[in-house]
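The values are calculated or read from the model by the stated rules, or taken from the named source; none is laboratory data. Values in this document were obtained by computation on a predicted structure and should not be read as measured data. Surface areas here come from the heavy atoms of the whole protein model, side chains and all, with no ligands, DNA or RNA. Shrake-Rupley method; radii C 1.70, N 1.55, O 1.52, S 1.80 Å.
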Amino acid sequence: ELLATARELRAAQAQAGTERAPLSARLSARELEVAELMVDGNTYKEIGGLLYISPKTVEHHVARIRQRLDVSSRAEMLDILRTELAKREVLDSP
């Protein structure tokens with residue numbers, strides 16, 4: 001019975017996950033900047049140079065982004081960011 005309840009909760013979470021809040025509501029402004037630069041293919045060192053922060057600080061921002069997006073891998077994070085940032089660009093364009 002407990003296992004069945006856990007499965008129902010997981011299914012409900014998965015359904016709710018498809019209707020997520022926009023990135024701007026889940027990430028800070030700085031995390032969004034880091035995310036955009038990561039999606040563009042910049043390294044931590046390059047991102048740090050562009051934002052005047054250390055590569056280690058970039059690494060901390062990336063870890064926080066992964067945590068807030070609730071993903072376990074960098075590839076999964078980048079897939080979500082590419083999709084979400086592309087949606088933002090479409091909505092922002094005239």
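Averaging the sequence gap over all C-alpha pairs within less than 8 Å and six or more residues apart, then dividing by the number of residues, gives the chain a relative contact order of 25 percent. Grouping the Cα pair distances of the chain into 10 Å bins from zero gives a pair-distance distribution of 15, 42, 26, 12, 5, 0 percent in increasing distance order. Can you give the helix-only mean residue ellipticity at 222 nm for the chain, where every DSSP H stretch with n ≥ 4 adds -39500 (n - 2.57) and the sum goes over all residues, rounded to the nearest 500 deg cm²/dmol? Using -39500 (n - 2.57) per qualifying helix, the result is -24000 deg cm²/dmol. Using a probe of 1.4 Å, the accessible surface attributed to residue 80 totals some 40 Å² when neighbouring protein chains are kept in position.
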